[in-house]
Structure formats: C-alpha cells, structure tokens
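Undergrad: Quick one: structure below, then a few questions.
The values are calculated or read from the model by the stated rules, or taken from the named source; none is laboratory data. Just so it is clear, the structure is predicted and the values come from calculations on it, not from any experiment. Cβ coordinates were reconstructed from backbone atoms using ideal geometry, including for glycine residues, and neighbour counts include every protein chain displayed.
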C-alpha cells in the first residue's frame with residue numbers, strides 16, 4: 001500500500017485542486033496481466049496515523065504525466081528505494097499534463113507546478129508535524145513543485161534531491177534561494193545526455209513566462225550540467241552522471257521498469273569513464289539507490 005497526495009482535479013489534464021486529496025493505492029504492479037491498482041480516497045487522519053514517528057520520504061513526477069502513470073511510475077520507483085525500516089514513502093501527483101495538447105501544454109505547466117506547491121506546503125504544515133523527519137525528491141518539472149512547496153513550508157525539511165531538474169541552473173541562488181536556505185542538504189542528479197533538457201529547455205520557458213524579460217534565456221537546466229556558480233554550500237556532490245551511461249530524461253523514474261532487484265546502496269555518482277553498474281534496464285534502480293543514500 002502506498003499513500004499519494006493528489007493535487008489534481010482530473011485523472012488526465014485538468015487544473016490544480018482546491019485542496020489535497022489523500023489516496024491509498026494497492027496492487028501497484030506492472031507485471032503482464034496484473035490487476036489495475038486499487039485506489040481509495042481516505043481521510044488525512046489515516047495518513048497522519050501512519051507517518052507519525054516515521055521518516056517520511058516524498059517523491060513527485062515531472063511534466064506530461066497523467067494520474068495513472070504517476071501512480072505507476074512513483075509506486076514502482078518507491079519499491080526500489082532502500083530506506084530505513086522507520087521510513088515511509090509518499091507519492092505526490094500534480095496536473096503537469098493535458099488531455100488535448102500533449103507536450104504543447106508545457107507553457108501552462110510551470111504555473112500548475114507553482115499552484116500545486118503552494119497547496120502542498122499548507123497540507124504538509126497541517127499534517128506532518130508528527131513525522132520524525134521529512135525528505136523530498138523530484139523528477140523533471142517536479143523540481144518546481146518541490147521548491148515551491150519548500151518555499152512555503154514551516155515544517156523542517158531534512159534533505160531534497162532534484163533529478164533531471166527542468167528548472168534554471170541558477171534557481172537555488174536566485175528564484176528559490178530562500179527555499180534552498182531552508183534545506184541543510186541538497187542533492188542534484190544531472191546528465192549531459194539528457195536530450196529533453198538539451199532540446200526543450202529553456203525554449204519552453206520563454207513561452208511559459210516563468211522567466212522575465214531580463215533573464216538570460218540561454219541558461220541551462222540544472223538537470224543537465226548541474227548548478228551554476230556560485231554553488232550553495234548545502235549542495236552535495238558529485239552530480240554529473242557519466243556521459244557513457246547515456247542517461248536520458250526518462251531513465252530516472254519509469255512506469256514500467258524491468259522487474260530486476262534493487263542496486264545495493266550506498267551508491268554515489270561515479271567518475272566519468274565508470275562502466276554502467278549492470279547490463280539490464282538498471283537506471284531507475286540506480287537513481288533510487290543514489291537517492292536512498294543521500295536521504296539518510
């Protein structure tokens with residue numbers, strides 16, 4: 001069973017809801033012929049009961065992910081995490097997709113990410129006070145959801161990880177500098193072989209209006225080559241995944257990862273030239289092992 005904090009109004013597309021809904025999901029399984037996940041809306045009191053005294057690890061998906069795919073991708077990735085027995089994984093769903101426009105909906109999704117983050121910060125402050133600790137990981141445009149959430153929080157956040165962050169490389173010292181200063185440990189995973197970030201960022205931001213007219217539009221995404229200088233002292237390195245791994249944008253979290261065993265933690269980002277850890281479809285297991293190590 002996995003809890004999800006749902007900020008969506010619709011299973012596909014739609015806007016950010018007026019309040020967070022707590023979902024309890026079972027049977028998250030990608031095996032052929034597996035029954036679909038069973039989803040139940042529950043009271044926040046159920047969640048509070050199960051997170052009190054626990055180390056809570058929150059994870060959110062990125063752009064162009066509908067509700068069903070968000071549940072599958074986060075639910076399966078959550079099984080690859082190697083956290084302590086006193087930990088609990090909670091997924092976050094937000095409307096970073098469109099029922100009609102597909103990838104063309106990108107110009108609106110930064111604002112949806114901001115709205116979802118504002119909603120989540122209020123919810124976490126209201127219900128997570130009994131947790132032993134709170135940590136957070138994001139993928140792609142989910143970085144904006146994460147940072148916007150942290151910006152509005154009073155609750156202490158132990159650690160965050162931005163995987164393939166589709167947000168400007170100077171965000172931790174400019175737009176979200178106040179949020180970054182709230183977090184004692186920040187991790188980044190970046191890949192120069194991320195073709196999505198290379199081709200689509202920051203062009204999409206120009207149309208999106210997230211960055212203003214004085215911003216250097218040619219800035220890179222933090223998920224491609226890491227943060228720009230100056231680098232906050234709270235950032236843990238290294239962050240650059242070896243180029244030979246050809247680690248793409250969608251490798252970090254996948255809705256249908258191969259049913260292979262987790263990669264043994266602890267893990268860290270190796271030096272350039274290091275061979276891949278396994279010959280199979282290992283990437284989601286590796287990102288989960290790295291995030292597990294950094295979150296401890």
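Undergrad: Buried (at least 23 other Cβ atoms within 10 Å of the Cβ) and not in a helix (DSSP H, G or I) - does that describe any residue in segment 67-79?
TA: no
Undergrad: Just checking, how many residues over segment 113-134 are crowded, with 24+ Cβ neighbours inside 10 Å and touching a strand residue (DSSP E or B) at 6+ places or on another chain (Cβ under 6 Å)?
TA: Looking only at segment 113-134, we keep the residues that are crowded, with 24+ Cβ neighbours inside 10 Å, and these are 113, 116-117, 120, 124.
Still in the running and touching a strand residue (DSSP E or B) at 6+ places or on another chain (Cβ under 6 Å): 116.
Total meeting the criteria: 1.
Undergrad: Scan segment 89-97 and tell me whether some residue there is more than 23 Å from residue 196 (Cβ to Cβ) and either at pLDDT 90 or above or crowded, with 21+ Cβ neighbours inside 10 Å (or both).
TA: Step one: list which residues in segment 89-97 are more than 23 Å from residue 196 (Cβ to Cβ), which gives 89-90.
Cutting the leftovers down to either at pLDDT 90 or above or crowded, with 21+ Cβ neighbours inside 10 Å (or both) gives us 89-90.
There is at least one residue in segment 89-97 that is more than 23 Å from residue 196 (Cβ to Cβ) and either at pLDDT 90 or above or crowded, with 21+ Cβ neighbours inside 10 Å (or both).
Undergrad: I would also like to ask the following. On the given criteria, is residue 196 under 21 Å from the mean Cα position of the chain (by Cα) and at pLDDT 95 or above? Even if it seems obvious, please write down each step before you answer.
TA: Details: under 21 Å from the mean Cα position of the chain (by Cα): yes; at pLDDT 95 or above: no.
Against the criterion (under 21 Å from the mean Cα position of the chain (by Cα) and at pLDDT 95 or above), residue 196 does not qualify.
Undergrad: Counting only residues that are part of a helix (DSSP H, G or I) and either more than 21 Å from residue 195 (Cα to Cα) or modelled with pLDDT of 95 or more (or both), how many does segment 224-249 have? Outline the logic, then answer.
TA: Within segment 224-249, the subset part of a helix (DSSP H, G or I) is 224-225, 243-245.
Going one step further and asking which of them are either more than 21 Å from residue 195 (Cα to Cα) or modelled with pLDDT of 95 or more (or both), we end up with 243-245.
Total meeting the criteria: 3.
Undergrad: Tell me which of these residue 106 doesn't satisfy, since it passes every other one: (1) surrounded by fewer than 18 Cβ atoms within 10 Å (Cβ to Cβ); (2) in contact with a helix residue (DSSP H, G or I) (Cβ under 6 Å, 6 or more places away or on another chain); (3) modelled with pLDDT under 95.
TA: Answer for residue 106: the failing condition is (1).
Here's the yes/no breakdown for (1) touching a strand residue (DSSP E or B) at 6+ places or on another chain (Cβ under 7 Å); (2) surrounded by 15 or more Cβ atoms within 10 Å (Cβ to Cβ):
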{"position": "239", "(1), (2)": "yes, yes"}
{"position": "252", "(1), (2)": "yes, yes"}
{"position": "280", "(1), (2)": "no, no"}
{"position": "283", "(1), (2)": "no, yes"}
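Undergrad: Restricting attention to segment 202-221, does a residue exist that is in a helix (DSSP H, G or I), closer than 13 Å to residue 192 by Cβ and modelled with pLDDT of 50 or more?
TA: First pass over segment 202-221, keeping only residues in a helix (DSSP H, G or I): 203-208.
If we keep only those that are closer than 13 Å to residue 192 by Cβ as well, we get none.
No, the conditions are met nowhere in segment 202-221.
Undergrad: Only one of these is surrounded by 14 or more Cβ atoms within 10 Å (Cβ to Cβ) and in a loop (DSSP other than H, G, I, E, B): 13, 59, 53. Name it.
TA: Numbers: 59 fails: in a loop (DSSP other than H, G, I, E, B); 53 fails: surrounded by 14 or more Cβ atoms within 10 Å (Cβ to Cβ).
Just a single option satisfies the conditions, and that option is 13.
Undergrad: In addition: Could you tell me which of the residues 141, 153, 172, 189 is modelled with pLDDT of 95 or more, closer than 30 Å to residue 42 by Cα and under 18 Å from the mean Cα position of the chain (by Cα)?
TA: Residue meeting the stated conditions: 153.
Undergrad: Under the condition of being within 18 Å of residue 183 (Cβ to Cβ) and assigned to a helix (DSSP H, G or I), which residue from segment 115-138 is farthest from the chain's Cα centre (by Cα)?
TA: 125
Undergrad: Could you list, in sequence order, all residues of segment 153-174 that are out of contact with any helix residue (DSSP H, G or I) (no Cβ under 6 Å at 6 or more places or on another chain), touching a residue at least 40 places away in the same chain (Cβ under 8 Å) and surrounded by fewer than 22 Cβ atoms within 10 Å (Cβ to Cβ)?
TA: 158, 170, 173
Undergrad: So, residue 27, is that one within 14 Å of residue 131 (Cα to Cα) and either surrounded by 16 or more Cβ atoms within 10 Å (Cβ to Cβ) or touching a strand residue (DSSP E or B) at 6+ places or on another chain (Cβ under 9 Å) (or both) or not? Full working, then the answer.
TA: Numbers: within 14 Å of residue 131 (Cα to Cα): no; either surrounded by 16 or more Cβ atoms within 10 Å (Cβ to Cβ) or touching a strand residue (DSSP E or B) at 6+ places or on another chain (Cβ under 9 Å) (or both): yes.
Here the answer is no, as residue 27 does not meet what is asked.
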